[in-house]
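K.L.:
Structure incoming, see below.
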Amino acid sequence: MNPRPAKRHNVLPGFGLSLGYTLFYLCLIVLIPLSAAFIRTASLSWEQFWGIVSTPRVVASYQLTFGASLIGAGINAVFGLIVAWVLVRYSFPGKRLLDAMVDLPFALPTAVAGIALTGLYAQNGWIGALLAPYGIKVAFTQLGIIVALTFIGLPFVVRTVQPVIEDLERELEEAAASLGATRWQTFMNVILPVILPALLTGFALALARAIGEYGSVVFIAGNIPMQTEITPLLIITKLEQYDYVGATALAVVMLVISFCMLLVINLLQWWANRRAGRES
Amino acid sequence: MSATTTRPASPAPAVALKRTATGEHPAIKWLLIGVSVVFMVLFLIIPLVAVFFEALKKGVDVYFAALAEPDALAAIKLTLLVAGIAVPVNLVFGVAASWAIAKFDFRGKSLLITLIDLPFSVSPIVAGLIYVLLFGAQGWFGPWLQANDVKVIFAVPGIVLATIFVTFPFVARELIPLMETQGNEEEEAALVLGATGWQTFWKVTLPNIKWGLLYGVILCNARAMGEFGAVSVVSGHIRGQTNTMPLHVEILYNEYQFAAAFAVASLLALLALVTLGLKSFIEWKTRHEHAVLPLEAPRQT
């Protein structure tokens, strides 16, 4: 009942069963279905594949998806850092409620977020009506997509940065202050370098989520080809036209991007852990 | 925790010093708090309030009529059914995976953890698409399924599969770090005292991980009930048959039945609030337990 020798002597049973089941289930649900997309696409020649994934409409959708995701993740990096700082360092009425609400975008179904934001930012909506006199349109424009992607990415930065701020050593800040540093210098030179890996990890997580996001965006986007059509929507459009090959080729592009993002995030986390290990 | 006890007794005025030397100017402090509150109210609170406001705008009668409508009831039932299958299946997987990963050393462990997290980085649309490629009419198993009269895509099994995919990592990623920090000592003690493997699991491991398990299940359930993109690819949007609640919301919204759409959406928003409430409760509960029970203290079971 000892299928594989573990590095250290381990008397616990069930290694073969649990690992075997894990691998079996992982292959069945995740790996085999994902490989289907790559195998389907392999039947295309490189020219055919490139022809599908580089038409002007598709390229416009990449630009929009990435541009809006980068801006959304950037907004979250700035405001997420402030929110995390405020939640850790200050006490004020309503703080615990605010803290609990940070996770709302994880818990609220994306379709609900999508129709709620669309209703708010439409020209007759609560916020849209305030902006309309200034000629600012949000719903059914690229701005609306940025709003939706900011919403769904909000928890990532806060929740990755928050524990790092909690673990910050106050002594370092005291030392910096007693050596004559201003509070701003202390923040830039002492605090920021410590939380930077976590901040970047949060940014990358928010970006990765935003690139693949669909539910919250389709309602507010307006979905006009070349202007407000995101790549996941284009996949759906191709599927509805029974263009399975085209949909799969785009899916492969998105999968490759996902894998790259995953690699970047893992490297960032490794960096963050190493940094944290050295600090303590 | 232990740092505070090992540190030599520091003079009390240190607390007062902290406030002045390493605190921000009150104006900056309140500015930052203000920015945070405005940002969160704008992006989180107002949209949430808007859901309930729009749902109840035309009165309570319209609200309940929208929920009692047969298609809405069918959508609610289907959503409960899908979550009722996907969550337990992923729960079993999560426990098995975390047992293997946290309790044993083996090569390729970090690769396995990355692969388990993979569904989180895949776009929901792609998640739905890969099942169409496998089980759709033109898919690998399509002809065989058609010959045997089994429908997966545009039917309930496809919805369940897509939901399992998108909620795949939730329980495992909650349990792995928890079980890693708990170590193997308690299980080893149980085994030395003559317990069988299953007894050890049920009586020692499970009570230790129950809160983490519940935490993962709650998040998994919220996503399972609320998943939109992946499910919309495989569902086929057949009213009363393959529409989950989020898909029903979409259809009503696109038909300009806003009050009804927001009524169904408000149920999902309530689910989100319950999820957040339970999540906060578990966080409070576990912090509480940690504070009371040092790791070495005997546990009452």
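The values are calculated or read from the model by the stated rules, or taken from the named source; none is laboratory data. If you're wondering where the values come from, they're calculated on a predicted model, not measured in any experiment. Positions of Cβ are backbone-derived with ideal geometry, glycine not excepted, and every protein chain shown enters the neighbour counts. The accessibility values were calculated without ligands, DNA or RNA, using every heavy atom of the protein model including side chains. Shrake-Rupley method; radii C 1.70, N 1.55, O 1.52, S 1.80 Å.
K.L.:
B:K210 to A:I224: FRET efficiency via 1/(1 + (r/R0)^6), r the Cβ-Cβ distance, R0 45 Å, to the nearest 0.05?
P.N.:
On the way: r = 50 Å, r/R0 = 1.11.
So the FRET efficiency works out to roughly 0.35.
K.L.:
From the backbone phi of segment A:110-127, what are the Karplus-calculated ³J(HN,Hα) couplings (6.51 cos²θ - 1.76 cosθ + 1.60, θ = phi - 60°) in whole Hz, Gly and Pro given as x?
P.N.:
Whole-Hz 3J(HN,Hα) from phi for segment A:110-127: 4, 5, 5, 4, x, 6, 5, 5, 4, x, 5, 9, 5, 4, 9, x, 3, 8.
K.L.:
Could I ask something else about it? Any idea what the dipole of the protein assembly as shown comes to, in debye rounded to 20, about its Cα centre with Lys/Arg Cβ at +1 and Asp/Glu Cβ at -1? Don't skip to the answer; put the middle values down first.
P.N.:
Numbers: 37 positive and 34 negative charges, 136 e Å.
Charge dipole of the protein assembly as shown: 660 debye, to the nearest 20.
K.L.:
Work out the FRET efficiency for B:D149 and B:H237 from their Cβ-Cβ distance, taking R0 = 30 Å, and round it to the nearest 0.05. All intermediate terms of the calculation are to be shown ahead of the outcome.
P.N.:
Numbers: r = 22 Å, r/R0 = 0.73.
It comes out at approximately 0.85.
K.L.:
Highest mean first, how do B:224-234, A:116-126, B:37-47, B:52-62 rank when packing is the count of other Cβ atoms within 10 Å averaged over residues?
P.N.:
Going from most to least packed, we get B:224-234, A:116-126, B:37-47, B:52-62.
K.L.:
From a point 7 Å beyond the Cα of A:W126 in the direction of its Cβ, which residues of segment B:25-69 have a backbone N at a distance under 11 Å?
P.N.:
Output list for this probe position: B:41-54.
K.L.:
Any chance you could check the Cα centroid distance between segment A:211-280 and segment B:23-51 for me, in angstrom?
P.N.:
Distance between centres, Cα-based: 29 Å.
K.L.:
What does the helix-only formula give at 222 nm for chain A: each DSSP H stretch with n ≥ 4 adding -39500 (n - 2.57), the total divided by the residues, and the result rounded to the nearest 500 deg cm²/dmol?
P.N.:
Details: 15 runs with 207 residues, N = 280.
My calculation for chain A gives -24000 deg cm²/dmol from helical runs alone.
K.L.:
Would you please state which residues of segment A:188-210 a label at B:L31 would reach in this model, taking the label point 7 Å out along Cα→Cβ and a backbone N cut-off of under 20 Å?
P.N.:
Correct set: A:188-192.
K.L.:
With the crude spin-label approximation of a point 7 Å out along Cα→Cβ, what separation in nm comes out for A:L17 versus B:T181?
P.N.:
2.8
K.L.:
In a GNM of chain A with a 10 Å cut-off on Cα contacts, which of A:P197, A:P56, A:P33 has the highest mean-square fluctuation?
P.N.:
With Cα springs under 10 Å in chain A, the top fluctuation among A:P197, A:P56, A:P33 is at A:P33.
K.L.:
Another question about this same structure. How about segment A:197-218: which of its residues lose at least 50 Å² of accessible area in the presence of all protein chains relative to their chain isolated, using a 1.4 Å probe?
P.N.:
Residues passing the criterion (a loss of at least 50 Å², heavy atoms only) are A:Y214.
K.L.:
Mind jotting down a quarter of the surface of the convex hull over the alpha carbons of the protein assembly as shown, in square nanometres, one decimal? It would help to have the intermediate numbers written out before the result.
P.N.:
On the way: hull surface 124.0 nm².
The Cα convex hull of the protein assembly as shown, projected and averaged over all directions, gives 31.0 nm².
K.L.:
If you count, for every residue in A:66-72, the Cβ atoms of partner chains within 10 Å of its Cβ, what is the mean? Working shown, then result.
P.N.:
Working: counts 0, 0, 0, 0, 0, 0, 0.
Per residue, the average neighbour count from other chains is 0.
K.L.:
Mind checking which aspartates and glutamates have their C-alpha under 19 Å from B:K29, skipping anything on the same chain fewer than 8 residues away?
P.N.:
Qualifying aspartates and glutamates at Cα under 19 Å: A:D99, A:E166, A:E173, A:E174.
K.L.:
I'd like the distance between the alpha-carbon centres of segment A:112-131 and segment B:106-156, rounded to an integer number of Å.
P.N.:
If we compute the Cα centre of each part, the gap is 36 Å.
K.L.:
Right, next: Any of A:K137/B:K57; A:K95/B:K210; A:K95/B:K57; A:K238/B:K77; B:K210/B:K285 with alpha carbons more than 19 Å apart? Name them for me. Mind showing how you got there, number by number?
P.N.:
On the way: A:K137/B:K57 24 Å; A:K95/B:K210 28 Å; A:K95/B:K57 30 Å; A:K238/B:K77 30 Å; B:K210/B:K285 11 Å.
Checking Cα-Cα distances, A:K137/B:K57; A:K95/B:K210; A:K95/B:K57; A:K238/B:K77 exceed 19 Å.
K.L.:
Follow-up question, since we're still on this one. With a/c under 1.5 counting as rounded, go ahead and sort segment B:227-274 into rounded, prolate or oblate using the C-alpha gyration tensor (a ≥ b ≥ c being the square roots of the eigenvalues; past the cut-off, prolate if a/b is larger than b/c, else oblate).
P.N.:
Working: a/c = 2.21, a/b = 1.24, b/c = 1.78.
The shape class here is oblate.
K.L.:
Then there is this: Can you tell me how much longer the chain between A:F66 and A:E47 gets when fully stretched, taken as 0.36 nm per residue apart minus their C-alpha distance, in nm with one decimal?
P.N.:
On the way: separation 19, 0.36 × 19 = 6.84 nm, distance 2.42 nm.
Extending this stretch completely gives an extra 4.4 nm.
K.L.:
Okay, next question. What's the extension gain from A:R275 to A:Y90 if we count 0.36 nm per residue and subtract their Cα-Cα distance?
P.N.:
Numbers: separation 185, 0.36 × 185 = 66.60 nm, distance 2.53 nm.
Length gained between A:R275 and A:Y90: 64.1 nm.
K.L.:
Once the Cβ-Cβ distance between A:E174 and B:L67 is put in as r, and R0 is 60 Å, what FRET efficiency do you end up with, to the nearest 0.05?
P.N.:
On the way: r = 57 Å, r/R0 = 0.96.
Efficiency computed from Cβ-Cβ geometry: 0.55.
K.L.:
Another one. Work out which residues of segment A:25-39 lose at minimum 40 square angstrom of accessible surface when the other protein chains are put back, relative to the chain isolated, with a 1.4 angstrom probe, and list them by number.
P.N.:
A:Y25, A:L26, A:I29, A:V30, A:P33, A:L34, A:A36
K.L.:
With a 1.4 Å probe, how much accessible area is buried between chains A and B, both sides summed, in Å² to the nearest hundred? Please report the intermediate quantities before stating the final value.
P.N.:
Numbers: alone 16780 and 18670 Å², together 27140 Å².
Approximately 8300 Å² gets buried when A meets B.
K.L.:
Roughly how far apart, in whole Å, are the Cα centres of segment B:82-96 and segment B:203-238?
P.N.:
Comparing the Cα centres of segment B:82-96 and segment B:203-238, I get a distance of 7 Å.
K.L.:
OK, next. If you roll a 1.4 Å probe over the protein assembly as shown with all protein chains in place, what percent of the accessible area is carbon or sulfur? Intermediate values should be presented prior to the final figure.
P.N.:
Values: 18210 of 27140 Å².
Carbon plus sulfur share of accessible area: 67 percent.
K.L.:
For chain A, with a Gaussian network of springs between Cα atoms less than 10 Å apart, report the residue from A:S69, A:S43, A:S54 with the top mean-square fluctuation.
P.N.:
Among A:S69, A:S43, A:S54, the largest GNM mean-square fluctuation belongs to A:S43.
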